[in-house]
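These notes concern the structure reproduced below.
The values are calculated or read from the model by the stated rules, or taken from the named source; none is laboratory data. Just so you know, these numbers come straight off a predicted model, no measurement behind them. Methodologically, a virtual Cβ is constructed for each residue, glycine included, from the backbone with ideal geometry; neighbour enumeration extends over all protein chains shown. We work out accessible area using only protein heavy atoms, side chains counted, and drop any ligands, DNA or RNA first. Shrake-Rupley method; radii C 1.70, N 1.55, O 1.52, S 1.80 Å.
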Amino acid sequence: VAHVKGAFKYLEDRLTDNCASPYHCQEQHRICGLLRAFNPSFAHGKVDRLWVQRLATLTCFAHIPNIADGMKNELPDYLQACQGLVIDHGDVGDFTTSVLKWWASHHKRFPMWAQAARIAFCLSPNSAACERVFSLLQCSFGANRDSSLADQVQASVMLRYNRSKR
């Protein structure tokens, strides 16, 4: 139990102000929290105009013109459609299917929300990108090159990565 408590303390620290800057997950936690607005069983009674304003500031929605105004205009109808909806969160597959089916059947009623939802559903909450970087580093720099300067490491990884893109 003591080890589990330690693990939860570690996770809690990463999600709050108790963790040093390069290691915290505060921004990711904030983004995931805002994206809950696209879960129709969550939205009713929780999402409001201020929530939409914060959601519209996310970088992934920056290219959509007038997203905040459009989503605010559609908000009352969206919340009305969400009222009383219950989606089981117990099974990830069933939850995902239910949310996607809901959006498939309602996307024409809320075009701005649907456009933003398509983007939100494409966001991947994993660390695959940084894992690829670590893999490149491991291939390029073994234990015998631990004292390499940062600029050499950066240039080597860029050359190796870009060479594979040709």
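Specify the residue that is surrounded by the most Cβ atoms within 10 Å (Cβ to Cβ); the eligible residues are those in the stretch 51-65 that are polar (S, T, N, Q) and outside any loop (DSSP other than H, G, I, E, B). Outline the logic, then answer.
Filtering the stretch 51-65 down to residues polar (S, T, N, Q) leaves 53, 57, 59.
From the residues that got through so far, the ones that are outside any loop (DSSP other than H, G, I, E, B) too are 53, 59.
On the way: GLN53: 13, THR59: 7.
Filtering the stretch 51-65 for residues that are polar (S, T, N, Q) and outside any loop (DSSP other than H, G, I, E, B), the one surrounded by the most Cβ atoms within 10 Å (Cβ to Cβ) comes out as GLN53.
What pairs can you find where one residue is in the stretch 79-97 and over 15 Å from HIS44 (Cα atoms), the other is surrounded by 10 or more Cβ atoms within 10 Å (Cβ to Cβ) and at pLDDT below 90, and their Cβ atoms are less than 6 Å apart, with a gap of 6+ or different chains?
Note: pairs meeting the criteria are PHE95/HIS89.
Take the conditions on the phi > 0 side of the Ramachandran plot and either touching a helix residue (DSSP H, G or I) at 6+ places or on another chain (Cβ under 6 Å) or not hydrophobic (A, V, I, L, M, F, W, C) (or both) and apply them to GLY84. Does it pass?
Details: on the phi > 0 side of the Ramachandran plot: yes; either touching a helix residue (DSSP H, G or I) at 6+ places or on another chain (Cβ under 6 Å) or not hydrophobic (A, V, I, L, M, F, W, C) (or both): yes.
It is true that GLY84 is on the phi > 0 side of the Ramachandran plot and either touching a helix residue (DSSP H, G or I) at 6+ places or on another chain (Cβ under 6 Å) or not hydrophobic (A, V, I, L, M, F, W, C) (or both).
From ARG132, ARG166, ARG118, grab the single residue that is open to solvent by 60 Å² or more (accessible area, probe 1.4 Å), at pLDDT below 70 and within 19 Å of the chain's Cα centre (by Cα).
ARG132
Among the residues of the stretch 31-45, count how many are over 13 Å from the mean Cα position of the chain (by Cα) and either acidic (Asp, Glu) or crowded, with 18+ Cβ neighbours inside 10 Å (or both).
If we filter the stretch 31-45 for residues that are over 13 Å from the mean Cα position of the chain (by Cα), which is where we start, we get 39-45.
Cutting the leftovers down to either acidic (Asp, Glu) or crowded, with 18+ Cβ neighbours inside 10 Å (or both) gives us 39-40, 43.
Number of matching residues: 3.
Kindly indicate which of ASP77, ASP48, ASP91 is in contact with a Phe, Trp or Tyr (Cβ under 8 Å, 6 or more places away or on another chain) and exposed (fewer than 15 other Cβ atoms within 10 Å of the Cβ). Steps first, please.
Values: ASP48 fails: in contact with a Phe, Trp or Tyr (Cβ under 8 Å, 6 or more places away or on another chain); ASP91 fails: in contact with a Phe, Trp or Tyr (Cβ under 8 Å, 6 or more places away or on another chain).
Exactly one of ASP77, ASP48, ASP91 is in contact with a Phe, Trp or Tyr (Cβ under 8 Å, 6 or more places away or on another chain) and exposed (fewer than 15 other Cβ atoms within 10 Å of the Cβ), namely ASP77.
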